[in-house]
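Visitor: Once you've had a glance at the structure underneath, I'll fire off some questions.
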Amino acid sequence: MAEYWDGVERRHAARRELAAHLRIHLLGDEGTTDMYEIQEREVPQQLVLTEQRHITPEELPDWIPAALGRLAAVAQAHGGFFGDPFVVYHGEVNEDSDGPVELCVPVDPARAGRLPAASRTEPAHTQAYTRLTKAQTAYPQILSAYDAVHAWAQREARTTAAAPREVYFADWSEIGPTDPACDIAVPLAD
């Protein structure tokens with residue numbers, strides 16, 4: 001019974017967020033920024049393990065945890081995580097475009113050059129971001145959060161410096177639909 005009820009609550013939360021997303025777009029994005037609190041934070045330089053792929057919106061929910069599992073195993077064998085994993089969208093992922101998308105797992109910078117997987121250095125930057133619940137991350141309603149962060153940057157006369165991203169700080173399998181799940185973020189130019 002508990003499993004059934006959890007499923008009902010998940011579906012209801014997802015429908016509520018979809019209705020909010022549709023309302024925003026039917027009103028011409030009016031109220032987008034009112035739904036999301038936009039904040040700023042400093043992100044230090046990070047060495048990240050990476051896996052990149054061209055992907056459709058339907059494939060994302062399966063690919064992200066699978067890629068994270070592969071990179072987490074490498075990270076754990078080389079000192080563990082040195083920050084929250086994040087997904088960078090180097091191109092749009094929608095019905096007409098397939099990214100590419102890059103999953104990044106921060107690792108110990110002292111391990112540079114000694115990792116058995118693709119890696120790169122993510123430069124230090126300031127991020128504008130908003131926090132989402134698990135239900136708010138469903139496609140296409142997650143797009144409203146991206147719109148809100150970009151609208152905030154434009155309104156504040158801030159220039160984006162790199163591709164937008166989703167920062168995953170929660171254990172996806174352990175949280176419910178109304179729990180904080182990830183941040184939608186965009187690096188800003190100084």
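The values are calculated or read from the model by the stated rules, or taken from the named source; none is laboratory data. Here the structure is a predicted model, which is why all the values come from computation and not from measurement. Note that each Cβ is placed from the backbone with ideal geometry, even for glycine, and that neighbours are counted across all protein chains shown. Keep in mind that these areas ignore ligands, DNA and RNA; they rest on the heavy atoms of the full protein, side chains included. Shrake-Rupley method; radii C 1.70, N 1.55, O 1.52, S 1.80 Å.
Visitor: Would you be able to say whether some residue in the stretch 21-44 is loosely packed, with under 11 Cβ neighbours inside 10 Å, in contact with a strand residue (DSSP E or B) (Cβ under 7 Å, 6 or more places away or on another chain) and either at pLDDT 90 or above or closer than 21 Å to V105 by Cα (or both)? Working first, answer last.
Guide: So in the stretch 21-44, the residues loosely packed, with under 11 Cβ neighbours inside 10 Å come out as 26-28, 34, 42.
Now restrict to residues that are in contact with a strand residue (DSSP E or B) (Cβ under 7 Å, 6 or more places away or on another chain): 42.
Remaining after also requiring either at pLDDT 90 or above or closer than 21 Å to V105 by Cα (or both): 42.
Yes, because at least one residue in the stretch 21-44 is loosely packed, with under 11 Cβ neighbours inside 10 Å, in contact with a strand residue (DSSP E or B) (Cβ under 7 Å, 6 or more places away or on another chain) and either at pLDDT 90 or above or closer than 21 Å to V105 by Cα (or both).
Visitor: Let me confirm something: among R131, R120, R158, R114, which residue is of a type outside the set (A, V, I, L, M), out of contact with any Pro (no Cβ under 8 Å at 6 or more places or on another chain), surrounded by 15 or more Cβ atoms within 10 Å (Cβ to Cβ) and not in a helix (DSSP H, G or I)?
Guide: Details: R131 fails: out of contact with any Pro (no Cβ under 8 Å at 6 or more places or on another chain); R120 fails: surrounded by 15 or more Cβ atoms within 10 Å (Cβ to Cβ); R114 fails: surrounded by 15 or more Cβ atoms within 10 Å (Cβ to Cβ).
When all the criteria are applied, what remains is R158.
Visitor: Which of the residues spanning the stretch 97-111 are at pLDDT 90 or above, farther than 16 Å from T56 by Cβ and open to solvent by 60 Å² or more (accessible area, probe 1.4 Å)?
Guide: Of everything in the stretch 97-111, those that are at pLDDT 90 or above, farther than 16 Å from T56 by Cβ and open to solvent by 60 Å² or more (accessible area, probe 1.4 Å) turn out to be P109, A110.
Visitor: Hey, can you tell me all the residues within the stretch 69-96 that are open to solvent by 20 Å² or more (accessible area, probe 1.4 Å), aliphatic (A, V, I, L, M) and in contact (Cβ under 8 Å) with a residue 40 or more places away in the chain?
Guide: V74
Yes or no, residue by residue, for (1) closer than 20 Å to E37 by Cα; (2) more than 13 Å from the chain's Cα centre (by Cα); (3) in a strand (DSSP E or B):
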{"site": "F82", "(1), (2), (3)": "no, yes, no"}
{"site": "D96", "(1), (2), (3)": "no, yes, no"}
{"site": "C104", "(1), (2), (3)": "no, no, yes"}
{"site": "L143", "(1), (2), (3)": "yes, no, no"}
{"site": "S173", "(1), (2), (3)": "no, yes, no"}
{"site": "C182", "(1), (2), (3)": "yes, no, yes"}
